[in-house]
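Trainee: Encoded as structure tokens, here's the structure I'll be asking about.
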Amino acid sequence: MAKELWKGNEVIAEAAIRAGCDCYFGYPITPQSEVPEYMSVHMPKHGRIFVQAESEVAAINMVYGAAACGLRAMTTSSSPGISLMQEGISYIAGSRLPAVIVNCMRGGPGLGTIQPSQADYYQSTRGGGHGDYRTIVLAPSNIQELADFVQEAFDIADYYRNPVMIAVDGMIGQILEPIEWRPVKRRELPPKDWATTGKRGRKTPNLVTSLFMDPEDCDRMNQLMGENLKRIEENETRYEAIGCDDAEIILVAYGTPARIIISVLDELRTQGIKAGLFRPISLWPFPEKPLHDYVAKDNVKLVLDVEMSLGQMIDDVRLAIKGKKPVHFYGRAGGIVPTVEEIIEAAKKALKEAK
Amino acid sequence: MAYIYKRSEGLRDIPMHYCPGCHHGIVHKLVAEVLEEMDLLDEVIGVCPVGCAVFAGDYFNCDFQEAAHGRAPAVATGIKRTHPNQPVFTYQGDGDLASIGAGEIVHAAMRGEKFTTVFINNGIYGMTGGQMAPTTLIGMKASTCQDGRSAEQAGMPMRMSEMLATLDGCVYAERVCVIDIPNLNKAKRAIKKAFEYQMAGKGFTFIEVLSTCPTNWGMTPLKANQFLKEKMAAYYQLGVVKDTAQEVK
Ligand SMILES: Cc1ncc(C[n+]2csc(CCOP(=O)(O)OP(=O)(O)O)c2C)c(N)n1
Ligand code: SF4
């Protein structure tokens, strides 16, 4: 199939439509407003539903309503809007509903900046709202992956009855790249016999709820959810490793910094420094064991974690490595993308300190 | 054997947790009867609030979703937009609808979402133990205004029906109560009319039910009914607030 030039945010929208997204609810915010704009034009053309909600709070609850009817529902936003959605995401997880949420991250805290950032790592991977849930978080680092992951996300959400978040920095939402609309992995999905569709044909009504007044019931629900999360950890961990087999330094990064590090690796290797990249693709579940196994090898002296934040993923990196090797950090916060030169300098500095 | 009276098919055979004299149960019954009479029980999807009616989904014999506090109108929007031919309703208290969910109800009404909202205005937060609501009357005591609500400190009580009636998307708003049989019959007719308008695709329909909370008002059920009649209905006028559905195509 021929390659086509597509912008990140429009890919998010088009991929959702191709994946059979039945309804989209959103509220404008930079740098992702192209998503609701595209959806407002194209969803009706496919006979699907678009509503511009009055707020992100409303948008995520519209998703709840539609998802609880068994439909493929989606919303997208950027950091401040995703903060507002946390209540709804918690209810979606608590009611065991599938949904797809895209966070096109910008610099925070507060109103921050509209420039790209990765400062919502904690919020994305620790649940974000109240309660013992997790969202499955996929972090594409190019537009092709974005197209693939958004399409896959609907199946993953339906398969596990768990919200899936696509976390990209604003850069990935804004850039144009040639991509191919290729088929993605489809799963055999369980029937949505829990959905509220009107009780016709059923003996008992369906009730979609996250309320379990009896603590025994609430514990049982949580245990069930926990087992599901374990299953996700076992089956949905994704990562990419480049040049890690012989590396003396392993750089860990996702999203935009990971792309930049591809150039860093080439440059360092021409200078005689064996550098590798470990790129978590699923931020939750975090690829803990593969990272540990690469880093534990004798050739690896140290790890350099690179983020567009003050350092959040570094906690997961440290947990994975279990103190086996030193972990250094380089990051730019507030909407600045680190350059190849800056990262090379950080890598050399870290190696010097290790000697 | 001929039945003179029986539980509506719209309600399940489960004991309700509502306090003695509380109007929630009565309003449940009216909604259930209307749904049964209109033969909508197999199609309808309800949305319950956070408040004393959080368990409504256990009582009604139809599909239900439990929404976050105040968000029922957004949840119902998600349902109705994707199921335009099925009846959808929210059932919400005054803390839920007029306070934390004020934004969601206003915008659902503005968009003319074609669902029905049954709004229980009991002038207080029932479930959390009797705190002040936006609808608490001036001078009425609540646990967060123990000397009675003052306008200076907390503003004037909110008339939701009148407020929503200013929006073109809201085609029908009526305020009713269930303190006696004539009023109860009127309330049922209003609920029915709302569902009829909804099924005819007219627009957003809103039934405000002035209700009692004997427990948190600190009154016997009869005293509470008296208070509703004399005090609440004086500030919140009973009757049709808006009915433009006839003209709406
Ligand atoms: C976000 C959030 N804030 C607060 C609460 C606690 N809460 C539960 S019910 C309720 C008030 C309900 O009052 P109302 O809507 O008047 O209904 P009633 O109980 O009187 O029927 C509150 C504040 C909550 N569940 N969620
Ligand atoms: S607390 Fe008030 S509103 Fe709640 S069930 Fe009791 S009487 Fe009814």
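Trainee: Please check: in the Gaussian network model of chain B (C-alpha springs, under 10 Å), which one of B:208, B:230, B:66 has the largest mean-square fluctuation.
Mentor: B:230
Trainee: Give me, ordered by chain and number, the residues 5 or more places off residue A:240 or on other chains with an amide H under 5 Å from its own placed amide H.
Mentor: Placed amide hydrogens put A:279, A:281 under 5 Å from residue A:240.
Trainee: Go ahead and set up a Gaussian network model of chain A, Cα springs under 10 Å, then flag whichever of A:74, A:105, A:213 fluctuates most.
Mentor: A:213
Trainee: Further, regarding this structure: Please work out whether the range A:239-354 counts as rounded, prolate or oblate from its C-alpha gyration tensor, where a ≥ b ≥ c are the square roots of the eigenvalues and a/c under 1.5 means rounded, while otherwise a/b larger than b/c means prolate and anything else oblate?
Mentor: rounded
Trainee: With a 1.4 Å probe and all protein chains left in place, how much of the accessible area of the protein assembly as shown comes from carbon and sulfur atoms, in whole percent?
Mentor: Answer for the protein assembly as shown: carbon and sulfur cover 53 percent of the accessible area.
Trainee: Can you give me the three principal axis dimensions of chain B from its C-alpha atoms, in Å, biggest first?
Mentor: Per principal axis, max minus min of the Cα coordinates gives 49, 49, 32 Å.
Trainee: Moving to a separate point now. Please calculate how many Å² of accessible area chain B carries per residue, with a 1.4 Å probe and no DNA, RNA or ligand atoms counted.
Mentor: Result: 40 Å² of accessible area for each residue.
Trainee: Under 5 Å between amide hydrogens, which residues at least 5 positions from residue A:328 or on another chain qualify, with H placed 1.01 Å from N in the peptide plane?
Mentor: Distant-sequence amide H within range of residue A:328: A:303, A:304, A:305.
Trainee: Under the 0.36 nm per residue contour assumption, what length would be gained going from the current alpha-carbon distance of residue A:345 and residue A:299 to full extension?
Mentor: 14.5 nm
Trainee: Separate question: With no solvent and one point per C-alpha, what does the Debye sum give as log10 I(q)/I(0) for the range B:174-217 at q = 0.28 Å⁻¹?
Mentor: Each listed q corresponds, in turn, to -0.93.
Trainee: When you look at the Cβ of every residue in A:209-219, what mean number of other chain Cβ atoms sits within 10 Å?
Mentor: 2
Trainee: Only four residue types carry charge here, +1 at the Cβ of Lys and Arg and -1 at the Cβ of Asp and Glu. Report the dipole size of the range B:86-151 about the Cα centre in Debye, rounded to the nearest 20.
Mentor: 80
Trainee: Additional query: With loop defined by DSSP as not H, G, I, E or B, and exposure as at most 13 other Cβ atoms within 10 Å, which is the longest segment of chain A clear of exposed GluC sites (Glu not before Pro)?
Mentor: Longest gap between qualifying sites, sites excluded: A:1-179.
Trainee: Of the residues A:76, A:196, A:237, which exhibits the maximal mean-square fluctuation in a Gaussian network model of chain A defined by a 10 Å Cα contact cut-off?
Mentor: Most flexible of the set in this elastic network: A:196.
Trainee: Rolling a 1.4 Å sphere over the protein heavy atoms, what is the accessible area per residue of the range A:4-235, to the nearest Å²?
Mentor: 37
Trainee: Excluding ligands and nucleic acids, what accessible area in Å² is computed for residue B:80 using a 1.4 Å probe, to the nearest 10?
Mentor: Residue B:80 has an accessible surface of roughly 10 Å² with all protein chains in place.
Trainee: Hey, another quick one. Please pull out the direction-averaged projected area of chain A, using the convex hull of its alpha-carbon atoms, in nm² to one decimal place.
Mentor: For chain A, the mean projected area of the Cα convex hull comes to 19.2 nm².
Trainee: If you don't mind, there's one more thing I want to ask. How high is the FRET efficiency from residue B:2 to residue B:200, r the C-beta distance, R0 30 Å, rounded to 0.05?
Mentor: With a Förster radius of 30 Å, E is 0.30.
Trainee: I'd like the mean, over residues of A:196-204, of how many other protein chain beta carbons sit within 10 Å of each residue's own Cβ.
Mentor: 6
Trainee: Work out the FRET efficiency for residue B:222 and residue A:230 from their Cβ-Cβ distance, taking R0 = 35 Å, and round it to the nearest 0.05.
Mentor: According to the calculation, E is roughly 0.05.
Trainee: Of all beta bridges DSSP finds with both residues in the protein assembly as shown, what is the antiparallel percent, to the nearest 5?
Mentor: Counting DSSP beta bridges with both partners in the protein assembly as shown, the antiparallel share is about 25 percent.
Trainee: Whole-Hz Karplus ³J(HN,Hα) for the range A:11-27, in order, using 6.51 cos²θ - 1.76 cosθ + 1.60 and θ = phi - 60°, x for Gly and Pro?
Mentor: For the range A:11-27, the Karplus curve yields 5, 4, 5, 5, 5, 5, 4, 5, 7, x, 4, 7, 7, 10, 10, x, 9 Hz.
Trainee: Now, a different point. Determine, from the Cβ-Cβ distance of residue A:114 and residue A:186 and an R0 of 30 Å, the FRET efficiency 1/(1 + (r/R0)^6), rounded to the nearest 0.05.
Mentor: Taking R0 as 30 Å, the efficiency between residue A:114 and residue A:186 is 0.25.
Trainee: Can I ask one more? Hey, what does the equivalent ellipsoid look like for the range A:60-148, semi-axes from the Cα gyration tensor as sqrt of 5 times each eigenvalue, largest first, whole Å?
Mentor: 22, 16, 12
Trainee: Residues of A:51-61, mean number of Cβ from any other protein chain within 10 Å of their own Cβ, rounded to a whole number?
Mentor: 6
Trainee: What is the magnitude of the charge dipole of the range A:4-235 about its Cα centre, with +1 placed on the Cβ of each Lys and Arg, -1 on the Cβ of each Asp and Glu, and no other charges, expressed in debye to the nearest 20?
Mentor: Dipole about the Cα centre, nearest 20: 740 debye.
Trainee: Whole number please: convex hull volume per residue, Cα atoms of the range B:110-249, in Å³.
Mentor: With only Cα atoms used, the range B:110-249 gives 108 Å³ per residue.
Trainee: List the residues, sorted by chain then number, that are 5 or more residues from residue B:113 or on another chain and whose placed amide H is less than 5 Å from its amide H.
Mentor: Answer set, sorted by chain and number: B:204.
Trainee: Let me test this: with uniform point scatterers at the alpha carbons of the protein assembly as shown, what is the Debye-based log₁₀ I(q)/I(0) at q = 0.11, 0.13 1/Å?
Mentor: Taking Cα atoms of the protein assembly as shown as identical point scatterers yields -1.00, -1.25.
Trainee: A follow-up question, please. Could you tell me how far the Cα centroid of the range B:215-233 sits from the Cα centroid of the range B:1-79, in Å?
Mentor: First find each Cα centre; the distance between them is then 24 Å.
Trainee: Rank by packing, highest mean first: peptides A:316-323, B:132-139, with packing defined as the count of other Cβ atoms within 10 Å averaged across residues.
Mentor: B:132-139, A:316-323
Trainee: On to the next question. Rounded to the nearest 100 Å², what is the sum over both chains of accessible area buried where A meets B, with a probe of 1.4 Å?
Mentor: Summed over both sides, the interface buries about 2700 Å².
The values are calculated or read from the model by the stated rules, or taken from the named source; none is laboratory data. None of these values were measured; they are calculated from a predicted model. Cβ atoms come from the backbone with ideal geometry, glycine included; neighbour counts cover every protein chain shown. These area figures cover heavy atoms from the full protein model, side chains too; ligands, DNA and RNA do not enter into them. Shrake-Rupley method; radii C 1.70, N 1.55, O 1.52, S 1.80 Å.
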